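Structure first, then comments.
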Amino acid sequence: MSDRIENFINSNAGKKVLGALGVNAPRELARYTPSQRSFFKGRLLLGAGDNAALLAQVSKILAESDAEVFGDDNARLQCTALTQDNGNDAPFAALVFDATGMRDSLELVAAYRFFNANIRKLAPGGRIVILGRPHMGADNAEQAATQRALEGLSRSLAKEVGARGSTAQLITVANGAEGDFGSSLRFVLSPKSAYVTGQVIAVNAVEQSGNVDWHKPLAGKTALVTGASRGIGEAIADTLARDGATVIGVDVAPMEDDLVKVMTRLGGQPLIADITAEDAPAKIASAAKQAGGIDLIVHNAGVTRDKTIANMTEQQWQMTLDINLAAAQRITRELLDQGLIRNGGSIVGVSSMNGIGGQRGQTNYAASKAGVIGYVDFMKNDEQLRAHNITVNAVAPGFIETAMTAAIPLFTRMFGRRLNSLSQGGLPVDVAEAIAFFANPLSRGVSGNTLRVCGQSWFGA
Ligand code: NAD
């Protein structure tokens, strides 16, 4: 019955009825396909405050795309390579603003002027990117306040443009990381970030070099994904394999048939293990060793055991904490102790918006998912990881269309998927793209981030 109602809502007749009630169908988001020649195509306007540090680098990165790049007056004064818009009023596919030089809050008016003059020219499905500095790296309080102000600006812009399927993000580029933010810029400008909006990506200075093929950034890499037989884990395995990685997929024995099917399709290797079993870290380490080490581990396996805390059994609490949080830590520790995560590798945890905002009936789940954020935040400073240039990050999905969310009662589900700036649920591939971005060899400067893949959910921080 609920399927029939949903089918009607999604039909043309249903959309007309909803339209008459003032509920518009959300804009379909464009997603990456390998037929797209480069990470970005279209007209792009670059603006800047005074003393902008990244204009030349941004122009260089965009030269590898199919962008037609223009500069506003202030940007052109600072970067002579930029040209003036021919003034034909054609829409822009992206607006990029370099705010790295801003040191005083009243200088922010340059950003106001840029967006005030141009935001109406942003095409549906467009991209806004602001480039700033991490406020804690500032020389003084005024500069810190100014740089942090950019976060409020970009998150609010995301809310203003979301209804048209457009996104807005802030990338903070630390001093010395001027050559390291390319993978972040490519990601947020591209359709790979379709369901990521209102986010801040922090880039630190690292030693990294070389070129990476935009279509096969993970060629020659080996990735291990837990919970890979279905849902988000399957999409992660698919996406990493699409990007060139060899995948080892882990799942529990009852999921063996599904796991084998997925791994056969991808030319990957199935590994049956309950990640909470005592021998799981050794078993997984042994598979990693046979592969000659791994470049990426994605701790995706997770469960919910929802009950209000008064009705929750200790077993439901403990099982959720063990699968979603503790087991991942034991496995990571074993891999690190045995030196099985290669130099330049990545560790990725899967958190959840409910770990940020909390959820009634999910004290166990939310605690486990908040723990994932604490883990990556702490581990980014781990000496062993830093010595081997290994990054550690998390994704925090919001409402993603999977078997898990299909089980939510119809009306809760209908509202749940719309309570974000893009007014729709995300797809498993959206989570997978964010993980592939972390794993990209040119994302070594991105560590300790928790990236929300939630369409800027209205709940949570
Ligand atoms: P899912 O239930 O479809 O898939 C989870 C997978 O993990 C299954 O294949 C399951 O067999 C496996 N798994 C469970 N316990 C395991 C264990 N002990 N050892 C090995 N494998 C085990 O869930 P999903 O919706 O695809 O979610 C994947 C991840 O994303 C989870 O961590 C989940 O908490 C998180 N997440 C999902 C959503 C969403 O909207 N679907 C939102 C936020 C976060």
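The values are calculated or read from the model by the stated rules, or taken from the named source; none is laboratory data. These numbers were taken from a predicted model, which means no experiment stands behind them. Neighbour counts are summed over all protein chains in view; Cβ atoms, including those assigned to glycine, are modelled from backbone coordinates with ideal geometry.
Quick look at the numbers
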| item | result |
| --- | --- |
| The range 346-385: number of residues that are small (Gly, Ala, Ser) and within 18 Å of Arg330 (Cα to Cα) | 8 |
| Complete set of residues in the range 368-405 that are crowded, with 18+ Cβ neighbours inside 10 Å, within 11 Å of the ligand (Cβ to nearest atom) and in a loop (DSSP other than H, G, I, E, B) | Gly398, Phe399, Thr402 |
| Filter pass, Ala174 being over 19 Å from Gly455 (Cβ atoms), touching a helix residue (DSSP H, G or I) at 6+ places or on another chain (Cβ under 6 Å), touching a residue at least 24 places away in the same chain (Cβ under 8 Å) and not basic (Lys, Arg) | yes |
| Any helices (runs of 4 or more DSSP H) falling wholly within the range 29-130 and containing at least 1 residues that are under 24 Å from the mean Cα position of the chain (by Cα) | 55-62 |
| Residue match in the range 156-173 (condition: under 19 Å from Ala52 (Cβ atoms) and surrounded by fewer than 22 Cβ atoms within 10 Å (Cβ to Cβ)) | no |
| Yes/no for Asp251 being within 16 Å of the ligand (Cβ to nearest atom) and in contact with a Gly (Cβ under 9 Å, 6 or more places away or on another chain) | yes |
| Answer residue from the range 195-248, given it is within 11 Å of the ligand (Cβ to nearest atom) and among the aliphatic types (A, V, I, L, M) and is farthest from Phe437 (Cα to Cα) among those | Ala228 |
| Candidate set: the range 301-322, residues that are away from the ligand (no atom under 15 Å from the Cβ) and in contact with a Ser or Thr (Cβ under 9 Å, 6 or more places away or on another chain); chosen: the one nearest to Arg333 (Cα to Cα) | Trp317 |
| Search result, residues across the range 26-57 that are of a type in the set (Gly, Ala, Ser) and farther than 21 Å from Thr172 by Cα | Ala30, Ser35, Ser38, Gly42 |
| Given (1) at pLDDT 95 or above; (2) surrounded by fewer than 24 Cβ atoms within 10 Å (Cβ to Cβ), index of the condition Gly227 fails | (2) |
| Residue tally, condition in contact (Cβ under 8 Å) with a residue 60 or more places away in the chain and touching a Leu at 6+ places or on another chain (Cβ under 9 Å), over the range 210-225 | 9 |
| Flag if Val348 is at pLDDT 95 or above, out of contact with any Ser or Thr (no Cβ under 6 Å at 6 or more places or on another chain) and near the ligand (Cβ under 10 Å from one of its atoms) | no |
| Residues satisfying the stated conditions in the range 441-461, i.e. at pLDDT 95 or above, over 19 Å from Glu234 (Cα atoms) and either among the aliphatic types (A, V, I, L, M) or more than 16 Å from the ligand (Cβ to nearest atom) (or both) | Pro441, Leu442, Ser443, Arg444, Gly445, Val446, Ser447, Gly448, Asn449, Leu451 |
| Residue match in the range 425-435 (condition: more than 15 Å from the ligand (Cβ to nearest atom) and either touching a strand residue (DSSP E or B) at 6+ places or on another chain (Cβ under 7 Å) or not in a helix (DSSP H, G or I) (or both)) | no |
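Yes/no per residue for (1) more than 10 Å from the ligand (Cβ to nearest atom); (2) among the β-branched types (Val, Ile, Thr); (3) farther than 18 Å from Val348 by Cα:
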position	(1), (2), (3)
Val260	yes, yes, yes
Lys289	yes, no, yes
Gly293	yes, no, no
Leu296	yes, no, no
His299	no, no, no
